[in-house]
Structure formats: C-alpha cells, structure tokens
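First comes the structure, then the notes that go with it.
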Amino acid sequence: PPPPGGIVTCAADVEAGTASGGDDGDDAAAKAGKALLPLEGAALMRNVLPAVLVACLGAFSFGYHLGIVNPALEHLALDLGIAANVQMKGLVVSTVLIGATVGSLCSGKVADDLGRKSALIASAAPLVAGSLLCSCASAVWIMLLGRVLCGLGIGAASNLVPMYVAEIAPEKMRGTLGSLNQLAICIGILLAVIAGLPLAGNPLWWHNMFLFAAGPAVLQGALMTVVPESPGWLRRKGRIAEAEAAETALWGAPDLVATAAAAAAASGDGDSGAMPKGKDAGASLGGLFAPSNRRQMTIGTTLFFLQQMTGVNAVIYFSSSMFAASGVKSAVAASVAVCAINVFGTLCSGQALDRMGRKPLLIGSFVGMGASCLVIAAAMSAQATWSLAGPVAVAGTLAYMVCFGLGCGPIPGLLSSEIFSPAIRGSAMSLCFVTHWVFNFVIGQAFLPVVQAVGGPAVFLGFSAMCAASVLFVQTQVLETKGKSLESIQREMMALNN
C-alpha cells in the first residue's frame with residue numbers, strides 16, 4: 001500500500017475535487033478513487049493494528065491497577081499505618097471501583113461530544129496523576145486520592161477502548177481486534193502480580209510498582225494524538241473530509257458506501273452528511289431506554305451483570321487456598337497461574353471470535369464455567385475426606401479461567417460496542433460498564449458474608465445455576481454480530497425492537 005502520508009493527501013484531494021463542483025472535480029475524484037483501493041488481509045491488519053494497540057494501553061492500565069493491590073496491600077498498609085485497620089485496607093481496594101464507576105458514567109458523553117480520541121487522551125491524565133500520587137503516598141488519604149483518580153481513568157478506559165476499536169476495525173476483523181482489549185486487561189493483571197515479586201526482599205518496592213503504572217498512561221496520552229479519529233464519529237458530526245482521510249489512513253481508501261449514504265441523507269433533510277435527524281432516540285436517559293434501544297440496553301447491561309454473577313471474583317479469591325490444598329504454598333505462584341491461564345483463554349478467543357461467532361463462544365463459555373463450578377463445589381465438599389480434592393479443585397479453577405477467557409471475559413465489552421447506534425453508543429456503553437463496576441463492588445462486599453453464612457460449596461452451586469441461566473439468556477436474547485457491519489447490526493436491532 002502507499003505510505004500513510006500519501007494516502008491522506010489523496011483523500012484530501014478527493015474531497016477538494018468534489019467540493020469544487022463541475023466535471024473537473026468529478027473527474028479528479030474518479031481518478032483519485034481509482035488510485036485508492038481498500039486494503040485486505042494482512043495489509044489491512046498492519047494498517048489498523050497500531051491504532052488498536054495504542055488504544056489498548058488504556059486497557060492494560062485497567063488490568064494493572066486492578067491487579068496491583070493484590071501483592072502490594074499488606075506492605076503498603078504497614079507503611080501507611082493501617083495494617084490493623086481492615087476497613088481502611090478495604091477502602092484502598094474499593095475506592096478504585098468507586099472512581100471507575102464515575103469515570104465510566106462520564107466518559108461516554110465526553111466521547112459522543114468531543115470524539116473518541118479526545119476522550120482517550122483525557123482519560124490518561126487521571127491515570128498518570130493517580131499513579132504518581134499512589135507511588136509517593138506517605139499518608140493513607142494520599143493513597144485513597146490516588147486510587148480514586150486511577151479509578152476515574154480505568155473506568156473511562158473500560159468504556160472508551162472497546163468503543164474506539166469497534167469503530168475503526170474492519171467488520172471481518174472486529175472480533176479478533178476487539179478481543180485485544182480483554183487480552184490487554186489480562187496481561188496488565190498478570191504483570192502487576194509479577195511486578196510484586198521483589199516485595200519479598202524489599203517491602204518498599206510497592207512505591208515502584210505504582211510508579212511503573214504511569215508509563216503506559218503517558219504513552220497512551222502521547223500516542224493517541226497521532227492515530228486516526230473514529231471515522232464513524234467524524235461522519236456523524238458532518239466532518240466528511242476528515243472521516244475520509246481517517247478511513248484512508250486505516251483501511252486504504254474512503255468508505256464510498258458511507259459517503260453515498262451521507263450524501264443521500266444530506267439531500268433528504270439537509271443534515272450535511274451527518275446522521276439523519278430523528279433516526280435515534282437521543283442520548284438522554286429516557287432516550288437510552290426508548291423502545292428503539294430497549295433490546296440493546298437489555299443485552300448490554302444483563303451480560304455485564306451475568307459476567308459478575310457467575311463467579312469469576314470468587315474463583316480468583318479462592319484460588320490461593322485451592323492451590324495451597326494441592327501442595328502449592330506460594331500465593332503469588334497461584335495468582336500468576338490463574339492470570340496466565342486467563343491470558344491463554346483470551347488468546348484462544350481472539351482466534352475464534354471471527355470464525356465461530358459471539359453467541360457460540362459465549363454459550364460454550366458459560367457451559368464450561370458452570371461445569372467447572374460444579375467440580376469446585378464437589379471438591380470443596382469432599383476436602384476433608386478425599387486426598388485428591390485439592391488437585392481437582394485446582395483443575396476446576398484453571399478450567400473455569402480458560403472458559404471465562406474464551407467468552408464471558410471479552411464478549412460483553414465487544415458486543416456492547418457493536419449493538420448500539422452511533423448517536424447513543426458512548427452514553428449507552430457508559431451505562432453498561434457502570435453495571436460492571438457496580439456489581440463488581442457489590443460482589444466484593446457481599447461475597448465473604450455469604451460464604452460464611454451458607455458455605456463455599458453452596459456458593460459455587462449458585463454460580464453454576466447462574467451460568468445455566470446465562471446460557472438461556474444468550475440463546476434467546478443475544479444477536480449474532482460476526483462478520484456484520486455496524487450499520488447492518490443496527491438495522492437488525494431495529495427490526496427486533498419493532
């Protein structure tokens with residue numbers, strides 16, 4: 001393909017020729033159009049992948065900040081004088097979830113108004129500031145403030161990264177590229193756990209762990225300034241020349257179908273190439289739950305609810321004790337094994353999403369997770385009498401994490417970026433991810449009291465039942481989006497709502 005600079009220049013020439021009017025402009029546009037052919041295969045992937053990887057720096061920060069407290073909590077609590085204060089240690093863990101809820105809720109509106117790029121650039125600022133505050137914290141209030149700021153950044157990233165990736169990815173590659181968001185999260189968690197290994201010899205190492213977190217955020221803020229804006233967002237704002245330049249930089253040529261549609265819309269209602277007025281119910285709270293958007297909101301919020309209610313946090317929580325029962329005494333080794341197997345499952349998902357589809361993988365994921373929960377429940381029940389209970393519980397744990405990585409981990413975020421119309425995508429995804437963060441917090445607070453009340457085996461049986469309910473929901477309610485353009489998905493969703 002021609003170099004990116006030449007591509008953008010040609011796209012600008014096409015727009016200039018069209019705007020000048022007359023036969024000369026039409027001839028120039030036709031000649032330029034013939035010179036620009038859409039990229040395909042590996043060439044297309046090479047063009048789009050850098051922008052996706054830059055955006056996924058936000059997802060990496062998301063995972064790193066979620067994972068960093070696991071190895072560092074006891075050490076930082078000792079330095080900050082809260083080692084005996086269980087409530088304050090709980091706040092250090094949970095304040096990031098509170099910040100993430102706020103960041104997720106606000107980021108969609110910012111992305112809809114100012115653009116996906118601007119929102120991702122802005123989300124890097126609290127990540128950098130929060131990481132530096134946590135790194136140099138000498139008092140607990142500084143640590144809590146830093147954790148809230150980090151939460152704002154990762155909450156925004158949890159929403160913005162899959163949205164941006166879905167809008168720049170070619171339809172036949174959207175599953176593979178979309179899975180990189182979850183893969184980056186998993187790698188972030190894994191590296192945060194590995195970064196805690198020096199704590200055994202240096203209890204003050206936690207300062208460096210938080211300092212390292214500023215690096216990816218700085219890179220995200222800097223590199224997002226040089227990647228293309230979402231062409232779909234630019235078109236919706238009527239900035240057609242910029243949209244065609246972005247499409248050419250990403251895909252090798254402007255999207256002529258979208259250009260023709262924009263022209264037809266403009267001639268029909270004078271909207272200058274933007275999305276036709278009245279097409280969407282709007283991004284107000286009432287509009288999000290209007291009949292035209294109700295099915296999408298049900299799918300998006302319910303999938304995130306089910307993701308949290310099918311046991312992933314419980315499996316991670318119990319993993320250390322299960323590994324200890326099987327002879328692995330190192331909690332760090334157990335955490336590394338669980339995180340690494342989750343990365344493996346997510347890698348497999350990335351290879352399968354655009355071949356098998358979202359629904360089959362999601363159904364298979366919930367089936368495997370449910371079966372794994374049954375195995376874990378049985379092993380926990382027989383722990384006192386069965387010598388193999390520990391190894392069987394470990395096998396169930398690893399199987400669960402592979403199945404989670406295959407579908408339940410990456411697909412809710414991917415689907416939520418595909419099913420909403422462009423006019424409400426930012427705000428609608430915000431509500432979906434708020435569901436994620438709220439129930440993540442609720443499960444974290446309620447899990448141990450429930451275990452103490454009914455016992456671990458009963459809890460895992462409940463998770464298995466939730467997995468069965470999830471299979472039924474996906475089978476009856478979720479739309480398959482594999483290989484479809486975002487526009488065709490919107491048309492199918494409108495038909496379902498009607």
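Residues in segment 443-470 that are surrounded by 18 or more Cβ atoms within 10 Å (Cβ to Cβ) and under 22 Å from the mean Cα position of the chain (by Cα): 2 in all.
Of the residues Ser464, Ser485, only one is among the small types (Gly, Ala, Ser), in contact with a Leu (Cβ under 9 Å, 6 or more places away or on another chain) and within 24 Å of Gln182 (Cα to Cα); which? Exactly one residue qualifies, and that residue is Ser464.
Step by step: first the residues of segment 86-105, then only those that are among the hydrophobic types (A, V, I, L, M, F, W, C) and open to solvent by 10 Å² or more (accessible area, probe 1.4 Å), then the one that is farthest from Ser320 (Cα to Cα). Which residue is that? Give the steps one after another, and end with the answer.
Our first condition is that a residue be among the hydrophobic types (A, V, I, L, M, F, W, C); within segment 86-105, this holds for 86, 88, 91-93, 96-98, 100, 102, 105.
Next, only the ones that are open to solvent by 10 Å² or more (accessible area, probe 1.4 Å) stay: 86, 88, 91, 93, 97-98, 102, 105.
Numbers: Val86: 20, Met88: 23, Leu91: 22, Val93: 18, Leu97: 23, Ile98: 26, Val102: 31, Leu105: 33 Å.
It comes out as Leu105.
Taking the criterion of being at pLDDT 90 or above and of a type in the set (Ser, Thr, Tyr), the residues of segment 91-122 that qualify are Thr95, Thr101, Ser104, Ser107, Ser118. Can we say Ala379 is open to solvent by 10 Å² or more (accessible area, probe 1.4 Å), over 20 Å from Thr302 (Cα atoms) and touching a residue at least 12 places away in the same chain (Cβ under 8 Å)? No; evaluated as a whole, the condition is false for this residue. Hey, can you tell me all the residues within segment 191-208 that are surrounded by fewer than 21 Cβ atoms within 10 Å (Cβ to Cβ) and outside any helix (DSSP H, G or I)? The answer is Gly201, Asn202. Tell me which residues, restricted to segment 131-155, are touching a helix residue (DSSP H, G or I) at 6+ places or on another chain (Cβ under 8 Å), open to solvent by 10 Å² or more (accessible area, probe 1.4 Å) and in a helix (DSSP H, G or I). Answer for segment 131-155, where residues must be touching a helix residue (DSSP H, G or I) at 6+ places or on another chain (Cβ under 8 Å), open to solvent by 10 Å² or more (accessible area, probe 1.4 Å) and in a helix (DSSP H, G or I): Leu132, Leu133, Ser135, Val140, Ile142, Leu144, Leu145, Val148, Leu149, Leu152.
Among the residues that make up segment 113-121, is at least one of them more than 19 Å from the chain's Cα centre (by Cα) and closer than 28 Å to Gly81 by Cβ?
Looking through segment 113-121, none of the residues is more than 19 Å from the chain's Cα centre (by Cα) and closer than 28 Å to Gly81 by Cβ.
Summed over segment 75-98, the residues that are part of a helix (DSSP H, G or I) and without any contact (Cβ under 8 Å) to a residue 12 or more places away in the chain give a count of 3.
Search segment 395-426 for residues being part of a helix (DSSP H, G or I), in contact with a Phe, Trp or Tyr (Cβ under 9 Å, 6 or more places away or on another chain) and open to solvent by 10 Å² or more (accessible area, probe 1.4 Å), and hand back the single one that is farthest from Val474 (Cα to Cα). Per the stated criteria, the residue is Val402. Can you tell which of Ala83, Ala77 is out of contact with any Gly (no Cβ under 6 Å at 6 or more places or on another chain), farther than 24 Å from Cys56 by Cβ and open to solvent by 30 Å² or more (accessible area, probe 1.4 Å)? The unique qualifying residue is Ala83. So the check is Cβ under 6 Å with 6+ separation or different chains; which pairs have a first residue in segment 174-190 that's open to solvent by less than 20 Å² (accessible area, probe 1.4 Å) and a second one that's not in a helix (DSSP H, G or I)? Partner pairs satisfying both residue conditions: Leu177/Ala169; Ser179/Pro410.
In segment 201-219, the residue that is farthest from Leu132 (Cα to Cα) out of those that are more than 26 Å from the chain's Cα centre (by Cα) and without any contact (Cβ under 8 Å) to a residue 12 or more places away in the chain is Gly201. The residues of segment 230-251 that are small (Gly, Ala, Ser) and either within 20 Å of Ala122 (Cβ to Cβ) or crowded, with 23+ Cβ neighbours inside 10 Å (or both), listed by number, are Ser230, Gly232, Ala243, Ala245, Ala246.
Does segment 416-435 contain any residue that is modelled with pLDDT of 90 or more, farther than 28 Å from Gly155 by Cβ and out of contact with any Leu (no Cβ under 8 Å at 6 or more places or on another chain)? No, the conditions are met nowhere in segment 416-435. For Val227, the conditions (1) part of a loop (DSSP other than H, G, I, E, B); (2) modelled with pLDDT of 90 or more; (3) loosely packed, with under 15 Cβ neighbours inside 10 Å all hold with the exception of (3).
All of (1) surrounded by fewer than 24 Cβ atoms within 10 Å (Cβ to Cβ); (2) more than 15 Å from the chain's Cα centre (by Cα) hold for Leu127 with one exception: (1).
For segment 440-498, give me the residue count where each residue is under 30 Å from Ile168 (Cβ atoms), among the aliphatic types (A, V, I, L, M) and in a helix (DSSP H, G or I). Qualifying residue count for the region: 7. Among the residues of segment 311-342, those that are buried (at least 19 other Cβ atoms within 10 Å of the Cβ) and under 18 Å from the mean Cα position of the chain (by Cα) comprise Val312, Cys339, Asn342.
The values are calculated or read from the model by the stated rules, or taken from the named source; none is laboratory data. Since the model is a prediction, treat every value here as computed from it, not as a measurement. Positions of Cβ are backbone-derived with ideal geometry, glycine not excepted, and every protein chain shown enters the neighbour counts. In case anyone asks, the SASA skips ligands and DNA or RNA and just uses the protein heavy atoms, side chains included. Shrake-Rupley method; radii C 1.70, N 1.55, O 1.52, S 1.80 Å.
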